[in-house]
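The values are calculated or read from the model by the stated rules, or taken from the named source; none is laboratory data. It should be emphasised that the depicted structure is a prediction, and the values quoted were computed from it without experimental measurement. Virtual Cβ from ideal backbone geometry, glycine too; neighbours counted across all protein chains shown.
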Amino acid sequence: MINNKKIIVVLPAFNAEKTLKKTYNEIPLDIVDEVILVDDYSDDATQDVAKKLKIQHIIRHDINSGYGANQKTCYNKALELNGDIIIMLHPDYQYTPKLIHSMCYLIANDLYEVVLGSRILGKGALKGGMPFYKYLSNRCLTLVQNILMGQKLSEYHTGYRAFSSKVLKQISYNKNSNDFIFDNQMLAQICFEGYEIAEITCPTKYFEEASSINFKRSCIYGIGVLITSLKFFIAKNLKVNIDLFKKY
């Protein structure tokens, strides 16, 4: 805990057998109270590794439901356990758990309700091996999103995020897509509600075992990002209901 606030780390996992142990061992359990792993029907030994590590809460989907669906299960369980600060960390070791202290203190000290670990602040993305086409598309999409959504974020596409329970309880994240666009829809909802988002520089690692979507799915994701940003612009300026961010 920090300032009597319960801290929960959620790990949305899919085929994370080779990287889960390394990720979990770096989670700062001096402040983290509980860890939740949701296995989205992996076809490797992710669940067995989680059991060996004695992760407190292990949930396995009966079918592969998607990245967004995995996060929904994560956040629903974290709120059920009365978490005050919830950190979403990918168990593929692409992001370092060593930043959890910094992210949590910003929320625990009531400075921000949402903190993102940004790969773009500084020079961590390309240095860490991010493919150039992903870096370029990240920068272009972020520029368009900032214009349409009236924000100044360095990126919207990081998978390293910390939230106060207040935010998770206020936004309707369970209505969002079950696919990768879930992340962007969630940030759109958060910005729509007027929350200020903090970012900290986050080094990243791209390697064979790190999860990553292929070029085709990246294109589909990019189109979804543009749709979400346009919906935000329409909703904010024409006062259309936030339910525009449900599945499309």
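Return yes or no: is residue 31 part of a strand (DSSP E or B), under 26 Å from residue 164 (Cβ atoms) and in contact with a helix residue (DSSP H, G or I) (Cβ under 8 Å, 6 or more places away or on another chain)?
No: the conditions fail for residue 31.
Considering only residues that are in contact with a strand residue (DSSP E or B) (Cβ under 8 Å, 6 or more places away or on another chain) and surrounded by fewer than 18 Cβ atoms within 10 Å (Cβ to Cβ), which ones fall in region 60-72?
60, 61
For region 47-78, which residues satisfy the criterion of being outside any helix (DSSP H, G or I) and free of Cβ contacts under 8 Å to residues at least 12 places away in the same chain?
54, the sole residue that qualifies.
Return yes or no: is residue 38 in a helix (DSSP H, G or I), more than 23 Å from residue 199 (Cα to Cα), at pLDDT 95 or above and in contact with a helix residue (DSSP H, G or I) (Cβ under 6 Å, 6 or more places away or on another chain)? Walk me through it before giving the result.
On the way: in a helix (DSSP H, G or I): no; more than 23 Å from residue 199 (Cα to Cα): yes; at pLDDT 95 or above: yes; in contact with a helix residue (DSSP H, G or I) (Cβ under 6 Å, 6 or more places away or on another chain): yes.
Judged against the criteria, residue 38 is not a match.
Picking from 98, 21, 54, 6, which residue would you name as being in contact with a Leu (Cβ under 9 Å, 6 or more places away or on another chain) and either within 25 Å of residue 130 (Cα to Cα) or surrounded by fewer than 17 Cβ atoms within 10 Å (Cβ to Cβ) (or both)?
Only one candidate qualifies: 21.
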